[in-house]
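Undergrad: Quick one: the structure is below, and I'll ask about it shortly.
The values are calculated or read from the model by the stated rules, or taken from the named source; none is laboratory data. Just so we're clear, the structure is a prediction, and the values are computed from it rather than from any experiment. Here the Cβ positions follow ideal geometry from the backbone for every residue, glycine too, while neighbour counts run over all protein chains shown.
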Ligand code: SF4
Ligand code: SF4
């Protein structure tokens with residue numbers, strides 16, 4: 001997907017191609033068609049094509065604004081206690097493979113709290129035991 005857009009006022013004069021300082025514009029004649037080409041990786045976003053175009057055909061605002069493209073979508077693993085999203089399922093599998101054991105899905109807060117809760121639970125049992133014995 002390109003953010004360099006040319007509207008239908010373009011008449012293929014090639015002024016932009018000839019005046020692009022980064023060689024980011026080119027054209028190709030295929031049979032009876034002329035194709036105007038733009039290479040985003042080369043483009044310096046200088047705006048020269050927009051300034052120079054006699055047809056006001058370069059829609060430079062899209063080039064300045066840009067947008068985020070989704071390049072990958074993955075399943076998430078959530079904290080087993082509060083459901084906060086943690087990391088991707090694939091990352092969890094990579095980690096488990098490297099550590100040669102499963103990773104318990106816990107957020108930093110609940111990872112810290114868990115030993116404390118375990119201790120509280122155990123001490124609660126001890127208090128109840130004492131009460132019974134008294
Ligand atoms: S300068 Fe404008 S009209 Fe000419 S080819 Fe480029 S975009 Fe099209
Ligand atoms: S913005 Fe500048 S570098 Fe990019 S295509 Fe236009 S003239 Fe070339």
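Undergrad: Would you pick out the residues in the stretch 32-58 that are surrounded by 12 or more Cβ atoms within 10 Å (Cβ to Cβ) and either in contact with a helix residue (DSSP H, G or I) (Cβ under 8 Å, 6 or more places away or on another chain) or free of Cβ contacts under 8 Å to residues at least 12 places away in the same chain (or both)?
TA: 36, 43, 45, 47, 48, 49, 50, 52, 53, 58
Undergrad: Also, I was wondering about something else. Mind checking which residues of the stretch 104-117 are modelled with pLDDT of 65 or more and surrounded by 10 or more Cβ atoms within 10 Å (Cβ to Cβ)?
TA: Kept after step one, since they are modelled with pLDDT of 65 or more, are these residues of the stretch 104-117: 104-115.
Result: 104, 105, 106, 107, 108, 109, 110, 111, 112, 113, 114.
Undergrad: Determine whether residue 29 is surrounded by fewer than 12 Cβ atoms within 10 Å (Cβ to Cβ) and touching a residue at least 24 places away in the same chain (Cβ under 8 Å). Give the steps one after another, and end with the answer.
TA: Working: surrounded by fewer than 12 Cβ atoms within 10 Å (Cβ to Cβ): yes; touching a residue at least 24 places away in the same chain (Cβ under 8 Å): no.
So residue 29 fails the test.
Undergrad: Next up: Out of all the residues in the stretch 76-83, is one or more exposed (fewer than 15 other Cβ atoms within 10 Å of the Cβ), in contact with a strand residue (DSSP E or B) (Cβ under 7 Å, 6 or more places away or on another chain) and within 30 Å of residue 113 (Cα to Cα)?
TA: Just the residues of the stretch 76-83 that are exposed (fewer than 15 other Cβ atoms within 10 Å of the Cβ), to begin with: 76, 78, 80, 82-83.
So of that shortlist, the ones also in contact with a strand residue (DSSP E or B) (Cβ under 7 Å, 6 or more places away or on another chain) come out as 76, 78.
Retained after the next criterion (residues that are within 30 Å of residue 113 (Cα to Cα)): 76, 78.
Taking every residue of the stretch 76-83 in turn, at least one turns out to be exposed (fewer than 15 other Cβ atoms within 10 Å of the Cβ), in contact with a strand residue (DSSP E or B) (Cβ under 7 Å, 6 or more places away or on another chain) and within 30 Å of residue 113 (Cα to Cα).
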